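Reviewing the structure listed below.
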Amino acid sequence: MTNAKPSMRPSLTGGRRGSALLLLGIAIILGGGGVRYALMNAAVQLAALALLAVRPTCVRTFWQAAPTGLRILLIATLALPAIQLIPLPPTFWQALPGRDLVAESLALAGRPGLWMPLSLDPGRTLVALVGLTAPTILLLLAMDSGKSERALILPGLAALGLTSLVLGAGQLISARQALNWFPGSNPHQLYGSFANHNSSGLFLIIALCAANAIPTPARPARQVIKLATCLLLTMGVLLTQSRSSIMLLILPGIQWLLTLARHQSCNRTRRTAILAAAMTIALAGFAVIAMNNARLSQAFDRFDSLHDARGLIWQDSLIAIGRYWPIGSGMGTFDEVFQIDESIENVNRHRAGRAHNDLLELVLESGLAGAILCLGWIAYAGRLTIPLLRDNEDRVTAPAIILIAILLQSFIDYPLRNQAILCIAASMIALIASESKRIRMK
């Protein structure tokens with residue numbers, strides 16, 4: 001009998017385990033600032049390229065093994081800004097919607113025959129394209145990882161959430177004079193590793209969902225650690241004073257109820273009563289703390305003044321969408337083109353900067369193609385998730401709820417405009433797609 005040669009795959013991959021989680025951690029620590037913080041975003045992208053150089057086979061593995069729908073969506077996502085950068089002859093681009101002002105400006109400058117790309121600001125669109133580097137590579141790495149490596153992602157998110165919470169606590173204590181990643185923010189709100197308190201709150205919601213998904217340990221001491229983690233992350237959400245994130249706390253609550261419903265035993269009624277009592281006590285404790293804590297009181301007081309400029313920005317964004325429909329103005333160009341259609345009565349000393357609605361901003365910048373692409377991602381994630389939710393497993397429920405949280409906040413803010421949340425979304429897609437593939441192969 002010939003002795004089989006031992007497989008070399010474990011030794012080759014052993015040193016590469018955790019690369020997806022490593023990139024995710026780098027993105028969360030450094031990539032929460034948005035387009036204004038180019039150097040920190042570049043650090044995330046360079047780290048992603050370095051990890052891709054370590055695991056170049058993940059590209060081939062993804063192309064060969066990933067679901068067809070996921071490959072199509074990823075290619076289309078990368079192709080959209082790339083196509084917008086292709087120079088077009090003047091007779092073609094001048095006929096596109098919303099290009100008349102550009103044509104007039106070039107004519108006045110004596111350059112009427114200039115070739116121009118579809119994007120009205122190619123530099124911004126190039127930045128948008130480069131910004132897809134880290135989430136794309138993270139998706140490839142996570143899809144190429146083994147089950148044990150992917151299992152580290154949710155606990156890793158919970159740990160990163162605590163890290164951001166500790167960082168934010170240090171910022172609050174020092175009135176943002178220390179541990180300040182992104183200057184110029186409100187000293188009374190918790191930011192952690194993010195420049196936007198809404199994104200910070202959303203990330204803590206994500207970390208809370210991830211912590212909920214960790215199997216409840218048998219040892220009482222570890223159960224206390226898990227409960228304390230969830231309570232601290234909940235407190236962190238409140239300290240961000242983000243109204244949208246506070247409202248999203250209902251999602252981890254739904255997740256907890258789904259987990260409770262799944263675990264059945266002979267004393268289920270008694271355990272439900274105990275957990276309900278514990279939750280009541282915890283909520284009562286939060287109420288007492290909130291009434292006696294100035295920062296938490298400020299968070300709840302913000303709900304008394306729900307009117308802000310978002311509705312006005314959305315109205316003007318719809319007008320701008322009509323100007324460039326169905327082609328769009330180019331990825332990343334919102335801040336450059338919105339000023340044209342901003343109503344004079346809505347103008348103030350602050351620039352809108354963003355549409356405060358990722359979906360509206362995407363449609364303005366990429367037109368019909370962007371709308372179809374967005375709906376494609378939502379439909380694809382839903383098609384994979386709904387059959388898996390019948391099993392009611394935490395490894396599927398948590399990623400699904402996290403994606404729902406990101407989507408919901410996208411209606412009133414711009415969470416997908418920073419590397420960190422984009423990378424989290426990519427990792428959740430990878431978890432769901434991998435689990436769906438595993439179920440099909442049974």
Quick one: which residues, 5 or more positions from GLY32 or on another chain, have an amide H under 5 Å from its amide H? H modelled 1.01 Å from N in the peptide plane, none for Pro or chain starts. ALA420
With the crude spin-label approximation of a point 7 Å out along Cα→Cβ, what separation in nm comes out for LEU172 versus LEU257? 2.8
Going by average Cβ density within 10 Å per residue, which order do the peptides 21-32, 67-78 take, highest to lowest? 21-32, 67-78
ARG176, ARG150, ARG395, ranked by accessible area, largest first (probe 1.4 Å): ARG395, ARG150, ARG176
When all protein chains stay in place, what accessible area (Å², nearest 10, 1.4 Å probe) is found for VAL59? 70
Based on the Cβ-Cβ distance of ILE344 and ASP100, what FRET efficiency does E = 1/(1 + (r/R0)^6) give at R0 = 25 Å, to the nearest 0.05? 0.75
Could you work out the local net charge near TYR414, counting Lys and Arg as +1, Asp and Glu as -1, over the other residues with Cβ closer than 10 Å to its Cβ? -1
May I ask for the net charge around LEU101, where only other residues with Cβ less than 14 Å from the Cβ of LEU101 are counted and Lys, Arg are +1 while Asp, Glu are -1? -3
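The values are calculated or read from the model by the stated rules, or taken from the named source; none is laboratory data. A quick note: this is a predicted structure, and the numbers were derived from the prediction, not measured. Don't worry about glycine lacking a Cβ; one is built from the backbone with ideal geometry, like all the others, and counts go over all protein chains shown. Ligands, DNA and RNA are stripped out before the accessible areas are found, and what is left, the full protein with its side chains, is counted by its heavy atoms. Shrake-Rupley method; radii C 1.70, N 1.55, O 1.52, S 1.80 Å.
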